[in-house]
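Structure first, commentary second.
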Amino acid sequence: MKDNLFIEINPTISHTSTETGVFDARDKHYHIDKMKYANEHGYNVINVWQWDDWNKIINMLKPKEKLYARKLELKEIDKQIANEFLDLYHIQNSCYGNEINLGLYYNNQFVQVMTFGKPRYNKNYQYELLRLCSHPNYIIVGGTEKLFKHFINTYQPKSVISYCDVSKFTGNVYKRLGFKQVTKPQPREHWSKK
């Protein structure tokens, strides 16, 4: 594990922000401000929420074997295969709308997926990069770039948008792919019963 990583455990009952102050009424920017402060001082933060799948969080943190994309086979794959992989390994599971599903294989083992579809939230773009996910046993060096380059060369999109869960990730992968950040992260509301 890296020395510059903070992991914050956030149980719902003690990390609640409400207008009425019924619970612990923290400022709605509490977590994002703390994360920005850590980032400014060279630290990455993984916020773990009560609703997260703890096995997937552990998979993010465990040691991994390096694989190099140039040695991997790229395939356009079936939506069902992509979704099964995402449900197993992606922090947010699969999502609807993935029309284009690209996979990387290592000795016939499926090790990374990238999916695309019509934008779910902003119709001003032609495509949305919906999901990117690697098998938890591997770091795929150059895999993201290989998958995205194939998508660009094959589908020649006019525009692509994507979103990043900054409570877990830095978004640096988008910079590597040439994306420009168009909005800054804002806190989201999550509702829970009890």
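The values are calculated or read from the model by the stated rules, or taken from the named source; none is laboratory data. Computed from a prediction, not measured in an experiment: that's the story for all the values here. We place every Cβ from the backbone using ideal geometry, glycine too, and count neighbours over all the protein chains shown. Heavy atoms of the whole protein, side chains included, go into the accessibility calculation; ligands, DNA and RNA do not. Shrake-Rupley method; radii C 1.70, N 1.55, O 1.52, S 1.80 Å.
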Residue within the range 1-11 that is modelled with pLDDT of 85 or more, hydrophobic (A, V, I, L, M, F, W, C) and farther than 28 Å from ARG120 by Cβ present: no
Residues (more than 16 Å from ASP78 (Cα to Cα), among the aromatic types (Phe, Trp, Tyr) and out of contact with any strand residue (DSSP E or B) (no Cβ under 7 Å at 6 or more places or on another chain)) located in the range 89-125: TYR121
Odd one out for THR154, checked against (1) over 14 Å from LEU74 (Cα atoms); (2) of a type in the set (Ser, Thr, Tyr); (3) out of contact with any helix residue (DSSP H, G or I) (no Cβ under 8 Å at 6 or more places or on another chain): (1)
Residue, modelled with the highest pLDDT, within the range 34-63, restricted to residues that are of a type in the set (S, T, N, Q), in contact with a helix residue (DSSP H, G or I) (Cβ under 8 Å, 6 or more places away or on another chain) and within 25 Å of ASN137 (Cβ to Cβ): ASN59
Helices (runs of 4 or more DSSP H) wholly inside the range 77-194 containing at least 3 residues that are among the hydrophobic types (A, V, I, L, M, F, W, C), open to solvent by less than 30 Å² (accessible area, probe 1.4 Å) and under 22 Å from LEU67 (Cβ atoms): 79-89, 143-155
Flag if LYS123 is of a type in the set (Lys, Arg) and in contact (Cβ under 8 Å) with a residue 24 or more places away in the chain: no
All positions within the range 45-76 that are open to solvent by 100 Å² or more (accessible area, probe 1.4 Å), over 24 Å from GLY103 (Cβ atoms) and free of Cβ contacts under 8 Å to residues at least 60 places away in the same chain: TRP54
